[in-house]
Amino acid sequence: MKAETSTIKARRTYPFFTIGKGLCLWLTLFIMLLPSMAQAGSLQLENMVLDNQAGSIMARFGIELTSDTQIEEALHNGIKLKLICEASLYEHKSVWLDSKVAGKTYSNKLYFDSLSNQFVIEKEDSDKIFKNNSLSILLRDEWKSIILDLGPWSTLQRGEQYNLRLKVRLDRTEVPAWLKNTLFFWSWDLIPAATYQLNFTY
């Protein structure tokens with residue numbers, strides 16, 4: 001597989017405020033937001049690799065949570081979170097829309113166990129539970145290597161262009177779906193979702 005580009009492109013969406021009048025008000029709001037923006041964490045992708053393992057398309061990567069203070073406080077306050085990684089492989093079309101070749105979703109639960117006084121990760125694909133007194137160590141050990149099986153390698157066609165799109169987010173598990181749908185304009189995310197894309201030619 002020959003990589004068309006070795007650069008993994010991160011795309012972020014930030015809120016944009018438009019105020020018709022009152023530049024001073026806009027500047028005041030911006031200055032007030034600076035401390036919270038500086039403390040906000042982010043989900044960073046590490047070591048993205050797509051290769052052939054025993055005839056299967058395997059996507060391997062790691063996730064790093066930067067500035068985990070906000071998440072640690074939320075977990076101590078009883079908030080339960082779920083890491084969701086959605087990988088989609090598309091064949092690039094020059095005329096028509098890109099066609100989806102394969103897709104896979106990985107998730108695990110993250111919460112604080114007040115009885116053991118430890119942070120907990122539950123991996124839903126294997127029903128395994130991991131605990132640690134340190135959130136940073138727990139995330140480093142369990143999120144450093146995530147593997148997704150995207151199906152048969154024979155699906156790929158020689159000479160065709162593909163792109164792998166990966167969306168990573170931390171969802172609150174205790175917010176009902178109906179409430180999210182009702183308040184669709186409200187962000188429930190403690191950490192902004194992140195989207196990455198890897199382009200290559202087979």
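Where does each of 139-148, 111-120 land if you order them by average Cβ count within 10 Å, highest first? Working shown, then result.
Values: 139-148: 16.6, 111-120: 13.7.
Per-residue mean Cβ counts within 10 Å order the peptides as 139-148, 111-120.
Hey, can you rank 66-73, 82-89 by average C-beta count inside 10 Å, highest first?
Packing order, densest peptide first, comes out as 82-89, 66-73.
Do the alpha carbons of any pairs in Lys80/Lys131; Lys144/Lys167; Lys100/Lys144; Lys100/Lys123; Lys104/Lys131 sit beyond 22 Å of each other, and which pairs?
Lys100/Lys144; Lys100/Lys123; Lys104/Lys131
What is the sum of charges, Lys and Arg at +1 and Asp and Glu at -1, for the other residues whose Cβ falls under 9 Å from the Cβ of Ser88?
Net charge in that neighbourhood comes out at +3.
If each residue of separation counts as 0.36 nm, what is the full-extension length gain between Asn47 and Asp125 once their alpha-carbon separation is subtracted?
Length gained, Asn47 through Asp125: 25.9 nm.
Quickly rank 97-105, 48-56, 191-199 as a protection proxy: mean count of other C-beta atoms within 10 Å, highest first.
191-199, 97-105, 48-56
If contacts are Cα pairs under 8 angstrom and at least 6 residues apart, what is the relative contact order of the range 80-148 in percent?
Relative contact order for the range 80-148 comes out at 24 percent.
Within 12 Å, Cβ to Cβ, of Met58, how many net charges do the neighbouring residues add up to if Lys/Arg are +1 and Asp/Glu are -1?
Taking every other residue near Met58 into account, the sum is 0.
Computed from the coordinates by the stated procedures, all read-outs in this text should not be read as laboratory data. Keep in mind the model is a prediction, meaning the values are calculated, not measured. When we count neighbours, we look across all protein chains shown, and the Cβ atoms used for this are built from the backbone with ideal geometry, even at glycine.
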